[in-house]
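In what follows, a structure is listed as structure tokens, so that the remarks can point back to it.
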Amino acid sequence: RHQHQTWKDIYCIYWKSHYKPAFGLMVAYIIYSTIAEQNEGEGKLPMVLVVVSMVAWIITPVLFSPFPRWNLILQDLCEFNGFITSGAGSHDADIAEVVSRGKKGTVRSLYETGLAEELDVWSEQHLLMLGVTLVLKTAVGLLVVALLPAEILDFLPIFVVILSLSWVAVLGYFAAGLNNVFLVLSFLLWAAAAPLAHMIIGDRFASPDAYTRLPEYVISTTVFLYFLGIAKDFVLLTCRILFTLCPCIPPEVATRRLQECIRACFVYFLVQQVHMVEAYVVLFANALTASALAIFDQVFCNAHTWFLLNRELARTTHGDTYMKKGQAPFFELDRLHFGAGSELWGSDSESEVSAGSERGGDDLNLAGAGDPSWA
């Protein structure tokens with residue numbers, strides 16, 4: 001269909017296939033770059049393919065989305081921000097609906113998107129597979145600990161202290177009826193890591209200077225988040241085993257309690273908070289990409305629209321709607337002006353638009369739902 005695809009729909013479609021691997025690759029590249037910079041860049045490889053891959057994973061969904069128009073960019077920006085901050089699906093009574101919406105692909109919020117994935121993994125995947133995955137992750141984590149210098153691991157107590165403070169905010173989030181103020185506070189508390197670090201590990205935090213310690217900051221943060229994920233997996237696997245094998249708990253009750261544990265761990269172990277950070281990075285990248293495409297279309301006569309769709313639709317100027325108020329297609333107007341035999345705009349536009357007209361014009365809805373303007 002010749003329709004504009006919203007950023008929210010793009011995120012729901014590509015968050016696992018594009019954005020998730022892109023951020024994993026981005027973290028690895030940042031670690032490599034910070035370490036290489038300590039040697040003033042000597043011997044640093046350009047990593048062109050790595051950079052191209054992670055950038056392409058993030059921008060290509062918007063790059064191949066039709067109709068980069070300024071009003072649609074503003075509409076997508078507001079809608080996607082609302083999608084990120086929305087609390088839809090966060091209540092305990094919504095768990096069954098979250099599972100259903102996740103399977104149908106009709107999630108309403110970022111919270112619902114991530115929680116549906118967690119519920120699917122820890123409720124329906126085979127228990128043995130979950131156990132083997134946890135063992136492999138733990139083995140990799142122990143190998144990393146054995147290889148890393150102790151100076152890097154010395155930073156981990158800082159994150160443990162901040163995590164404990166964050167858990168207090170998360171507890172307030174659940175106790176206050178899912179008040180988003182506490183959820184945001186659980187995220188903002190991590191800004192206190194630098195001031196508290198001097199009280200936890202002393203002057204070594206910034207000795208001799210912060211720039212020299214930058215690789216240790218990045219690597220220790222990555223290691224902490226990795227082991228936090230392992231801790232979450234261990235807790236949920238234990239809950240799954242207890243609720244599955246305990247004969248005194250009815251299956252319906254066991255399933256319900258397991259889902260409640262998954263919902264709690266989803267917030268306590270920072271899964272939702274990390275998703276929010278990644279989603280805002282995607283929002284920023286989408287805004288830059290869509291703005292660049294909108295400028296490109298204005299300067300180069302809708303070349304992007306012509307490339308993705310056809311020349312007929314590309315002839316509509318910014319601020320106008322194709323075939324608005326019963327206006328005839330451009331190729332028909334050309335016939336009236338130049339004669340029935342005119343082939344000025346080629347046969348491809350005529351055939352494509354004629355096919356769309358026979359279907360009742362559904363394929364010619366250019367602005368997407370709820371917005372008839374392109375400006």
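The values are calculated or read from the model by the stated rules, or taken from the named source; none is laboratory data. The structure presented is a predicted model; accordingly, all values stated were derived computationally and were not measured. Here the Cβ is made from the backbone with ideal geometry for all residues, glycine too, and neighbour counts use every protein chain on show. For the accessible areas, the whole protein counts, side chains as well, though only heavy atoms, and no ligand, DNA or RNA atoms are used. Shrake-Rupley method; radii C 1.70, N 1.55, O 1.52, S 1.80 Å.
Among (1) farther than 17 Å from residue 285 by Cα; (2) open to solvent by 60 Å² or more (accessible area, probe 1.4 Å), which single condition is residue 55 missing?
Only one criterion is unmet by residue 55, namely (1).
With free of Cβ contacts under 8 Å to residues at least 40 places away in the same chain, open to solvent by 30 Å² or more (accessible area, probe 1.4 Å) and not basic (Lys, Arg) as the only criterion, which of 193, 206 stands out?
206
If you take the residues of region 1-33 that are hydroxyl-bearing (Ser, Thr, Tyr) and more than 12 Å from the chain's Cα centre (by Cα), which of them is surrounded by the most Cβ atoms within 10 Å (Cβ to Cβ)?
Looking at residues that are hydroxyl-bearing (Ser, Thr, Tyr) and more than 12 Å from the chain's Cα centre (by Cα), I get 6.
Given the options 260, 252, name the one that is among the charged types (D, E, K, R), without any contact (Cβ under 8 Å) to a residue 60 or more places away in the chain and open to solvent by 60 Å² or more (accessible area, probe 1.4 Å).
Among 260, 252, only 252 is among the charged types (D, E, K, R), without any contact (Cβ under 8 Å) to a residue 60 or more places away in the chain and open to solvent by 60 Å² or more (accessible area, probe 1.4 Å).
Hey, can you tell me all the residues within region 302-319 that are modelled with pLDDT under 65, assigned to a loop (DSSP other than H, G, I, E, B) and surrounded by 13 or more Cβ atoms within 10 Å (Cβ to Cβ)?
Selection gives 309, 310, 315, 316, 318.
Taking residue 36 as meeting all but one of (1) modelled with pLDDT under 90; (2) open to solvent by 50 Å² or more (accessible area, probe 1.4 Å); (3) of a type in the set (A, V, I, L, M, F, W, C), write down the number of the exception.
With (1) modelled with pLDDT under 90; (2) open to solvent by 50 Å² or more (accessible area, probe 1.4 Å); (3) of a type in the set (A, V, I, L, M, F, W, C) applied to residue 36, the lone miss is (2).
One residue is enough: does region 69-85 have a residue meeting the conditions surrounded by fewer than 16 Cβ atoms within 10 Å (Cβ to Cβ) and closer than 20 Å to residue 225 by Cα?
No, region 69-85 has no match at all.
Right, residue 120: of a type outside the set (Val, Ile, Thr), closer than 24 Å to residue 232 by Cα and assigned to a helix (DSSP H, G or I) or not?
Answer is yes for this residue.
Every residue in region 147-171 that is touching a residue at least 40 places away in the same chain (Cβ under 8 Å) and open to solvent by less than 30 Å² (accessible area, probe 1.4 Å), please.
152, 155, 158, 159, 163, 166, 170
Looking only at residues that are modelled with pLDDT of 95 or more and aliphatic (A, V, I, L, M) in region 276-286, which one is most open to solvent (accessible area, probe 1.4 Å)?
The residue in question is 281.
Restricting attention to region 104-146, which residues are surrounded by 13 or more Cβ atoms within 10 Å (Cβ to Cβ) and charged (D, E, K, R)?
Correct list: 108, 112, 117, 118, 120, 137.
Of everything in region 39-50, what is within 24 Å of the chain's Cα centre (by Cα) and surrounded by fewer than 14 Cβ atoms within 10 Å (Cβ to Cβ)? Give them in sequence order.
48, 49
Name the pairs: first residue in region 21-48 and free of Cβ contacts under 8 Å to residues at least 40 places away in the same chain, second residue surrounded by 15 or more Cβ atoms within 10 Å (Cβ to Cβ) and not acidic (Asp, Glu), Cβ to Cβ under 6 Å, at least 6 apart or on different chains?
22/54; 22/57; 22/58; 25/54; 26/54; 29/50; 44/36
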